[in-house]
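Comments concern the structure below.
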Amino acid sequence: MSTALPTFAVVGRVNRGKSSVIASLVENDRVRISPRPGTTTECVPYAINVGGRTLLRIIDTPGFEDTPRALHWLKARETSAAGRADDVVAFVEEHEAAGEFAEECRLLRPVVDGAAVLYVVDGSEPYRPNFEAEMEILLRTGRPAMALINRSGETHLAAWKSALNQYFKVVRVFDAHRVTSEDRRELLDDFCTIAPDWEPMLRDAIAALDLEQERRLFEASTLIADLLIDSASLHLNVVIKANTELKFERRRLEGRFHDALRTLETNTHREIAEVWMHSIESWESDEPAELELSEDLFAEDTWDVMGLSPMALIGLSAVGGATAGGVIDAAVGGASLGAGILLGGLVGGAGGAFEVRRRFASASRVRDQLQSLKNAGEGGRRYRVGPHPSANFAFVLLNRAVRHLDRVLSWAHARPAPPDEGDPDERVTDELSGEARRELNSLLAKVRRKYRAVPDSLRAEVHAAVRALVENHTRAAADSNLPGSDANTASRPRTHN
Ligand SMILES: Nc1nc2c(ncn2[C@@H]2O[C@H](COP(=O)(O)OP(=O)(O)OP(=O)(O)O)[C@@H](O)[C@H]2O)c(=O)[nH]1
Ligand SMILES: [Mg+2]
């Protein structure tokens, strides 16, 4: 009776958040969602995939339209309770052929074909008995079914729960805009309860999703560690024309250095969002961009908090007396200084997607530098801007990256923009022991010293330190969300059966 792959049809009345529930469940921010009723007019299949494997299928459906009349038809035909499921099949087949009850036929088709039912209601509106006809029809399909209360609020929740409990074995609060990976996991547990035939495959899916979450956290830690390394070792080699003065160029060079740092941070934040399947398009929508700007790394506020001035902190040092022409020759010839080193970095070394991206970043920097050398024309003096000498600076980036990670983790895919930032004074570095903080600080100091070519062994140490920090942080956050913990009961309603 059941299809081979666990398959769930999301049904309910129009505009109650069915597509939103699916977007968050399958982590797809391209699902069509709109305040306009009747957005979904056909069944649309989605899937939860991990590592190229489809774990389960979820089908979006149009909303119920004419349920009292449909129920009337079913009741008129009924001879006994034993025949009810067959009556629903007959309803769909007869009316599909005749072109009547178009919405009901469309939404019931996957169910009569073997999908289990996820019935979505909008908990922000009061319960009314006119929902009973559609629940009655779903009950008559005889398929495994559960109810999800979307947009739950305290006002109408009790009424919805007692009504839904009359029809469904399992009733769960599932706010499309607040779904986390734990919520998805708990929902899959419920699926095992309502559809025991699929339990082995569903357990397999839960294990795959757990492993996937671990993999993503690992990838995010790697991105954050690389951000710390790349920013601590960031330096620009520039040529100041012979006929100008360093003091006139200083502000422009600091600006360039800041821009390069900011780009590193923005790219890392975007890449972290992508690890959790938030597409670049949605990340670049107005709201996140604004958020990015309002908390700009070089905004005076940020630095006031740290008691530092970015202008005061950037080392600007002469690295040699070569003329521009001489430096271009050295760079192209792969000599040991400046751009030559960056070019050298492009050819050797280990793999990994991020490494490749990082090197592309380096490649464009090399191009910039060669261009700036060429622009220098008649010759000039060569300077190095950076690395940033501040120790605190890496910790600012680290705190901001982990706060960003927290936001991505709580960003349900039905939401067009990430949730508001939590307490900006919350610092993950406060969760480190004094010893761990000193250790990380000393690793980053080494990175700054070896900025020209950070040794792989040093990189590995920074990666391990950041991984431990991210693991501890996310474990502590998950523990504080367990049912019964103060943080959880205060912030949000959870599972209800
Ligand atoms: N604040 C909030 N808005 C939600 C939530 N779920 C859905 N919405 C909004 O409700 C509206 C309808 O959501 P959809 O997911 O398109 O609803 P639907 O049931 O698929 O609608 P149709 O396809 O038209 O039947 C959209 O504007 C959503 O952004 C939620 O949990 N919180
Ligand atoms: Mg829809």
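The values are calculated or read from the model by the stated rules, or taken from the named source; none is laboratory data. Keep in mind the model is a prediction, meaning the values are calculated, not measured. Cβ placement follows ideal geometry from the backbone for every residue including glycine, while neighbour counts extend to all protein chains displayed.
Filter the range 19-30 down to residues that are in contact (Cβ under 8 Å) with a residue 40 or more places away in the chain and in contact with an Asp or Glu (Cβ under 7 Å, 6 or more places away or on another chain) and give me whichever is nearest to ligand 1 (Cβ to nearest atom).
Per the criteria, the residue is S19.
Please determine, by comparing only the residues of the range 158-187 that are touching a residue at least 40 places away in the same chain (Cβ under 8 Å) and among the aliphatic types (A, V, I, L, M), which one is farthest from ligand 1 (Cβ to nearest atom).
Among residues in the range 158-187 that are touching a residue at least 40 places away in the same chain (Cβ under 8 Å) and among the aliphatic types (A, V, I, L, M), the one farthest from ligand 1 (Cβ to nearest atom) is V170.
Among the residues of the range 401-442, write down those that are under 19 Å from the mean Cα position of the chain (by Cα), over 15 Å from H177 (Cα atoms) and at pLDDT 85 or above.
Residues satisfying the conditions are A401, V402, R403, H404, L405, D406.
Kindly indicate whether any position in the range 97-117 is surrounded by fewer than 15 Cβ atoms within 10 Å (Cβ to Cβ), closer than 24 Å to L209 by Cβ, away from ligand 2 (no atom under 16 Å from the Cβ) and not charged (D, E, K, R).
Looking for residues that are surrounded by fewer than 15 Cβ atoms within 10 Å (Cβ to Cβ), closer than 24 Å to L209 by Cβ, away from ligand 2 (no atom under 16 Å from the Cβ) and not charged (D, E, K, R), one finds at least one in the range 97-117, hence yes.
Among the residues of the range 2-20, is any more than 11 Å from ligand 2 (Cβ to nearest atom), in a loop (DSSP other than H, G, I, E, B) and either touching a Gly at 6+ places or on another chain (Cβ under 8 Å) or under 29 Å from N130 (Cβ atoms) (or both)?
Within the range 2-20, one or more residues are more than 11 Å from ligand 2 (Cβ to nearest atom), in a loop (DSSP other than H, G, I, E, B) and either touching a Gly at 6+ places or on another chain (Cβ under 8 Å) or under 29 Å from N130 (Cβ atoms) (or both).
Which one of the conditions (1) within 12 Å of ligand 1 (Cβ to nearest atom); (2) within 25 Å of the chain's Cα centre (by Cα); (3) among the β-branched types (V, I, T) does V11 fail to meet, given that it meets all the rest?
Every listed condition holds for V11 apart from (2).
Taking A82 as meeting all but one of (1) closer than 23 Å to L148 by Cβ; (2) away from ligand 1 (no atom under 16 Å from the Cβ); (3) surrounded by fewer than 17 Cβ atoms within 10 Å (Cβ to Cβ), write down the number of the exception.
(1)
For residues in the range 159-202 being under 29 Å from D406 (Cβ atoms) and among the basic types (K, R), which is nearest to the chain's Cα centre (by Cα)?
Per the stated criteria, the residue is R178.
Being basic (K, R), surrounded by fewer than 17 Cβ atoms within 10 Å (Cβ to Cβ) and more than 23 Å from P68 (Cβ to Cβ) narrows it down to one of R151, R128, R185, so name that one.
The match here is R185.
Residue by residue through the range 51-66, note down the ones that are away from ligand 1 (no atom under 14 Å from the Cβ) and crowded, with 17+ Cβ neighbours inside 10 Å.
L55, L56, R57
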